[in-house]
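Student: One structure coming up, written as structure tokens, with questions to follow.
The values are calculated or read from the model by the stated rules, or taken from the named source; none is laboratory data. The shown structure was predicted, so the numbers you read here are calculated from the model rather than taken from an experiment. Counting neighbours? That spans all protein chains shown, and the Cβs are built from the backbone with ideal geometry, glycine included. The accessibility values were calculated without ligands, DNA or RNA, using every heavy atom of the protein model including side chains. Shrake-Rupley method; radii C 1.70, N 1.55, O 1.52, S 1.80 Å.
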Amino acid sequence: MIYKESTEEKKAIFEGPSEVAVTMSSKEYIPNEVYMNLPEPLNQLTSQFEEREKDIVLISSLGVLSACLPNVKGKYRDSVISPNLYTFIIAPPASGKGAMRWSKLLIQPIHKEKQEEYKRKLQEYSRNQDREANEKPQRISKVIPGNVSSSKLYHHLKHSEDSVLMFETEADSLSNMLKQDWGDFSDLMRKAFHHETCSISRSDRFYEIDEPKLSLVLSGTPNQLQPLVASKENGLFSRFIYYFFDEVEGWKDVSPRNRIGSISMESSFKEAGESIKDLYNRLIKLDSIYIVMNELQWDRFNTDMKLINNVFLTNKSDFISVTKRLGVMAFRLIMILTIIRNTSRVQEESLVLEVNNNDLETVLYLIKFLTDHSLKVYDSYSKKVKKLTVQDRQILAELPEVFKRGRGVELATELEVPERTFAEILKRWQAEGILEKVKHGEYRKLV
């Protein structure tokens with residue numbers, strides 16, 4: 001387990017891998033504990049992939065599903081929030097991040113149904129002789145591209161029945177829009193994350209959206225990040241769940257025999273998409289479905305998120321805004337897993353759904369893992385920054401200014417870090433100038 005209950009909070013920490021590399025090793029994947037208890041269809045869909053592609057499909061699918069759950073609500077602190085997520089997969093070209101395309105199939109049946117409904121209403125409007133007595137139907141799009149003007153995005157949000165999903169495999173399509181005066185809607189994205197009222201006034205139209213619900217599923221290369229999010233101080237940065245890796249995918253078997261598996265994979269995603277559409281159509285008829293956690297679950301949630309937050313209080317306080325919004329994202333992930341797990345219970349009447357402990361545990365595993373990804377992306381804005389993981393920072397904070405190796409091993413053991421892992425951490429820290437060796441078996445911290 002990553003988390004171990006204890007009277008001493010410092011003993012609840014991130015379990016280290018058997019080998020530790022730079023902040024995000026290219027071979028670190030989402031822990032198996034996350035996949036063990038996923039509700040269907042997520043379990044079955046992700047099981048068709050391995051390693052990096054498996055992670056990409058999971059993260060992007062969660063982002064897509066966050067736009068498919070109308071009237072699902074939860075109370076986070078003093079605010080009522082919906083499940084909408086902003087996800088960003090960052091990797092070099094030819095690295096396999098294209099696997100996220102499968103997740104789009106989960107929302108396609110809903111999007112297609114909306115388009116067909118619009119066409120039908122438009123035909124009825126065209127046949128009606130007395131057009132002045134009838135308002136022209138507005139197109140309702142469930143999925144929109146990143147290549148959209150600010151005014152058009154407001155239009156989509158205003159006329160949507162619930163949430164809008166922006167799905168873009170090339171992040172520069174979106175960043176190119178934000179560079180234009182008529183296309184800069186970065187303020188809208190920041191406000192929509194918290195469902196804050198947004199408004200826009202143009203010569204021919206005025207839009208005011210009380211509770212905008214926007215989900216983003218993006219992918220791009222490291223070079224496409226900063227044109228989209230100009231700086232880490234930009235409030236948009238902390239609103240994303242990041243998944244980062246830097247290895248390039250090797251050659252894969254492209255012979256036709258593999259197409260059989262692809263057809264099966266496509267069918268499973270399309271079938272899941274039809275199930276999601278059925279759930280969507282039941283949810284849209286309800287006033288609300290509230291996701292609630294009991295007192296013990298909130299205690300567990302608060303303890304884990306506090307541990308993450310406290311790691312950065314002393315020497316990286318500027319990262320606190322990220323960890324606090326990761327809490328919001330964690331609760332939204334819990335909402336998504338809860339409603340997907342309880343699909344059969346969504347009927348004609350509004351109800352309250354209690355969170356399953358397995359879903360709480362799954363999200364806590366996942367959010368701790370993703371914190372390191374956010375940290376890696378955050379540090380990429382500064383070339384001279386010391387690359388330290390969350391685990392690194394926890395250990396370093398507990399060590400005195402000058403310490404002996406034996407004391408370090410003792411502390412690492414208390415924090416559930418194997419002695420072998422700690423030895424590798426010491427070597428890496430020396431190489432990166434985080435500490436220096438004073439004499440045999442004794443070290444001094446330099447940061």
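Student: Quickly run through segment 175-192 and pick out the residues that are open to solvent by less than 20 Å² (accessible area, probe 1.4 Å) and modelled with pLDDT of 85 or more.
Tutor: Result: L188, M189, A192.
Student: Can you find a residue that is aromatic (F, W, Y) and at pLDDT 90 or above anywhere in segment 193-207?
Tutor: At the first step, the residues of segment 193-207 found to be aromatic (F, W, Y) are 193, 206-207.
Next, only the ones that are at pLDDT 90 or above stay: 193.
Yes, segment 193-207 has at least one match.
Student: Among (1) open to solvent by 60 Å² or more (accessible area, probe 1.4 Å); (2) modelled with pLDDT under 85; (3) not hydrophobic (A, V, I, L, M, F, W, C), where does K445 come up short?
Tutor: Checking K445 against (1) open to solvent by 60 Å² or more (accessible area, probe 1.4 Å); (2) modelled with pLDDT under 85; (3) not hydrophobic (A, V, I, L, M, F, W, C), the one that fails is (1).
Student: Let me ask something else about it. Could you count how many residues in segment 211-227 are surrounded by 15 or more Cβ atoms within 10 Å (Cβ to Cβ) and within 23 Å of D55 (Cα to Cα)?
Tutor: Final tally of qualifying residues: 10.
Student: Is segment 336-351 home to any residue that is open to solvent by less than 10 Å² (accessible area, probe 1.4 Å) and farther than 30 Å from P39 by Cα?
Tutor: No, the conditions are met nowhere in segment 336-351.
Student: Looking for something modelled with pLDDT under 95, under 20 Å from the mean Cα position of the chain (by Cα) and of a type outside the set (D, E) - is there at least one such residue anywhere in segment 55-69?
Tutor: no
Student: Any idea which of N358, N310 is under 27 Å from N43 (Cβ atoms) and open to solvent by 10 Å² or more (accessible area, probe 1.4 Å)?
Tutor: On the way: N310 fails: under 27 Å from N43 (Cβ atoms).
It is N358.
Student: Can you tell me which residue among Q391, Q297 is in a helix (DSSP H, G or I) and more than 20 Å from S82 (Cα to Cα)? Don't jump to the end; show me each part of the working.
Tutor: Details: Q297 fails: more than 20 Å from S82 (Cα to Cα).
None of the other options fit; the residue is Q391.
Student: Can T389 be described as hydroxyl-bearing (S, T, Y), under 20 Å from N310 (Cβ atoms) and touching a residue at least 40 places away in the same chain (Cβ under 8 Å)? Give the steps one after another, and end with the answer.
Tutor: On the way: hydroxyl-bearing (S, T, Y): yes; under 20 Å from N310 (Cβ atoms): yes; touching a residue at least 40 places away in the same chain (Cβ under 8 Å): yes.
Against the criterion (hydroxyl-bearing (S, T, Y), under 20 Å from N310 (Cβ atoms) and touching a residue at least 40 places away in the same chain (Cβ under 8 Å)), T389 qualifies.
Residues are listed down the side, and each one gets a yes or a no for (1) open to solvent by 30 Å² or more (accessible area, probe 1.4 Å); (2) under 30 Å from M335 (Cα atoms); (3) modelled with pLDDT of 85 or more:
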site: E354; (1), (2), (3): yes, yes, yes
site: V390; (1), (2), (3): no, yes, no
site: F403; (1), (2), (3): no, no, yes
site: G433; (1), (2), (3): no, no, no
site: K437; (1), (2), (3): yes, no, yes
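Student: Would you mind telling me which numbered condition in (1) over 14 Å from Y76 (Cβ atoms); (2) out of contact with any helix residue (DSSP H, G or I) (no Cβ under 8 Å at 6 or more places or on another chain) R332 fails?
Tutor: Answer for R332: the failing condition is (1).
Student: Does any residue of segment 346-358 turn out to be assigned to a helix (DSSP H, G or I) and either in contact (Cβ under 8 Å) with a residue 60 or more places away in the chain or closer than 18 Å to Y243 by Cβ (or both)? Can you show your working first?
Tutor: In the first step, residues of segment 346-358 are kept if they are assigned to a helix (DSSP H, G or I); the result is 357-358.
Now restrict to residues that are either in contact (Cβ under 8 Å) with a residue 60 or more places away in the chain or closer than 18 Å to Y243 by Cβ (or both): 357-358.
Yes, that holds for at least one residue.
Student: Exactly one of these conditions fails for T323: (1) open to solvent by less than 50 Å² (accessible area, probe 1.4 Å); (2) touching a residue at least 60 places away in the same chain (Cβ under 8 Å); (3) of a type outside the set (D, E, K, R). Give me its number.
Tutor: (2)
Student: Let me ask something else about it. Could you say whether any residue in segment 280-296 is open to solvent by 30 Å² or more (accessible area, probe 1.4 Å), hydroxyl-bearing (S, T, Y) and under 30 Å from L388 (Cβ atoms)?
Tutor: Pass one, segment 280-296, residues open to solvent by 30 Å² or more (accessible area, probe 1.4 Å): 281-282, 284-285, 287, 290, 292, 294-296.
In the following step, the residues that additionally are hydroxyl-bearing (S, T, Y) were identified as 290.
Checking the rest, the ones that are also under 30 Å from L388 (Cβ atoms) come to none.
No, every residue in segment 280-296 fails to be open to solvent by 30 Å² or more (accessible area, probe 1.4 Å), hydroxyl-bearing (S, T, Y) and under 30 Å from L388 (Cβ atoms).
Student: Tell me, which residue of segment 89-116 that is assigned to a helix (DSSP H, G or I) and open to solvent by 50 Å² or more (accessible area, probe 1.4 Å) is modelled with the lowest pLDDT?
Tutor: E116
Student: Ok, one more. When V417 is evaluated against the numbered criteria (1) part of a helix (DSSP H, G or I); (2) among the hydrophobic types (A, V, I, L, M, F, W, C); (3) buried (at least 18 other Cβ atoms within 10 Å of the Cβ), which criterion, by number, is the only one it fails?
Tutor: (1)
Student: Here is a list of conditions, (1) closer than 26 Å to P222 by Cα; (2) outside any loop (DSSP other than H, G, I, E, B); (3) open to solvent by 20 Å² or more (accessible area, probe 1.4 Å); (4) of a type outside the set (D, E, K, R), and L153 meets all of them except one; can you say which number that is?
Tutor: (3)
Student: I would also like to ask the following. Going through segment 356-380 one residue at a time, which ones are modelled with pLDDT of 95 or more and among the charged types (D, E, K, R)?
Tutor: D359, E361
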